[in-house]
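Only one structure is covered here, and it is reproduced in the block below.
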Amino acid sequence: MGNIPFFSVITLSYNSVDSIDRTIRSLKKQSFNDFEVIFQDAGSNDGTIEKIKKNLDQFKKASLITENDNGIYDGLNRALKRVTAKFVCVLHTNDIFASNDILEMAALGLKESNFQLAYGDVLFYSRGDPNYIVRHWVSGNFKKNKLFLGWMPPHTTLFIKKEIFESFGIYRTDLKVSADYDFILRVLKSDKIKINYFMKPIVKMSIGGISTSGFKSLIIKLKEDFIVLYAHYSVFSIIPLIMKRILKIKQFF
């Protein structure tokens, strides 16, 4: 494979000293090591940067940049400029891969039929305990008409070919929590993308992030989802907006 890694794993951080260890350990345990880790820090001052620096040499290729940004999606866009791999995925601080062979499984699946994008399921955990699962997001197979009915794959499970960002653009920075939804719609509404679904959990994600933490976050999410959906579906945007909420209910059972 030469000097080009198969995956670039982007990890954003900001004052994450209490959670960054969990994410780093998950990365270290992956059975597949042909990946680079791109740490993008937003100016932490709590010891996060020092912890990351201590672990950089534990990976085949890893880099850290710390700089002020204008939110999560600005941080992602900055990190994307440093990507050198064929595929990109995101592993947020406090999130972990669902098993130690996730990258190995994904690499095999992506190679099989020259897929350009793949996704899977998410397990949400609480109480700081990755074994305390409170919600299971089963994505299901992709069909383009499901997008209008509120369906979307979890952003944290996406494996995205680098060229997709060049063709479809990067993340909107005027949105705080829904720019990933906008990106997903932009890409999946296209007929040019070959997509694979891994029928298994890819990531264990901690409850309490900006999009899963309380009533205020819910209102922000609803508002931004409407902005995104109106841009894609105009006056019909209310249908996927409502259906998106209904689809979430079954994740708790």
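Given R₀ = 35 Å, what would the calculated FRET efficiency be for residue 28 paired with residue 235, taking r from the Cβ atoms and rounding to 0.05?
0.10
Report the equivalent ellipsoid semi-axes for the stretch 1-144 in whole Å, largest first, defined as the square roots of five times the eigenvalues of the gyration tensor built from alpha carbon atoms.
Here the semi-axes work out to 24, 20, 15 Å.
Quick one: if the Förster radius is 25 Å, what FRET efficiency do residue 242 and residue 189 give, using the C-beta to C-beta distance and rounding to 0.05?
On the way: r = 19 Å, r/R0 = 0.77.
That pair, residue 242 with residue 189, gives E of 0.85.
Hydropathy first: keep DSSP H helices in the chain averaging at least -0.5 on Kyte-Doolittle, then drop any whose Cα extent along the axis falls short of 24 Å, and list what survives. Please report the intermediate quantities before stating the final value.
Working: long enough: 215-233 (26 Å, 0.59).
Membrane-span-like by this criterion, though nothing is claimed about a membrane: 215-233.
Test of understanding: what is the full-extension gain from residue 252 to residue 129, defined as 0.36 nm times their sequence separation minus their Cα-Cα distance? Let's see the in-between values first.
On the way: separation 123, 0.36 × 123 = 44.28 nm, distance 1.73 nm.
Full extension of this stretch gives 42.6 nm more.
Percent relative contact order of the chain, based on C-alpha pairs within less than 8 angstrom and at least six residues apart? Working shown, then result.
Working: 467 pairs, mean separation 53.9, N = 253.
With pairs under 8 Å counted, the relative contact order is 21 percent.
Work out, step by step, the length gained on full extension between residue 145 and residue 162: first 0.36 nm times the residue separation, then minus their alpha carbon distance; give nm to one decimal. It would help to have the intermediate numbers written out before the result.
Working: separation 17, 0.36 × 17 = 6.12 nm, distance 2.52 nm.
The residue 145-residue 162 span can extend by a further 3.6 nm.
Would you mind checking the stretch 8-37 for residues with the amide N under 20 Å from a putative spin-label position 7 Å along Cα→C-beta of residue 57?
21, 24-25, 27-29, 35-37
When the accessible area of the chain is computed with all protein chains present and a 1.4 Å probe, what percentage of it is carbon and sulfur?
On the way: 6720 of 12160 Å².
Accessible surface attributable to carbon and sulfur in the chain totals 55 percent.
Would you mind calculating the gained length between residue 50 and residue 68 on full extension (0.36 nm times residue separation, minus the Cα-Cα distance), in nm to one decimal? Working shown, then result.
Numbers: separation 18, 0.36 × 18 = 6.48 nm, distance 1.68 nm.
Once the chain is fully extended between residue 50 and residue 68, it gains 4.8 nm.
Take peptides 109-118, 5-14 and line them up by average Cβ neighbours within 10 Å, highest first, as a rough protection proxy. The partial results should precede the final answer.
Numbers: 109-118: 15.6, 5-14: 22.3.
Top to bottom by mean Cβ count within 10 Å: 5-14, 109-118.
The values are calculated or read from the model by the stated rules, or taken from the named source; none is laboratory data. For clarity, every value in this text was computed on a predicted model and none was experimentally measured. Ideal geometry is used to build each Cβ from the backbone, glycine not excepted, and the neighbour counts take in all protein chains shown. All accessible areas refer to the heavy atoms of the entire protein, side chains included, with ligands and DNA or RNA removed. Shrake-Rupley method; radii C 1.70, N 1.55, O 1.52, S 1.80 Å.
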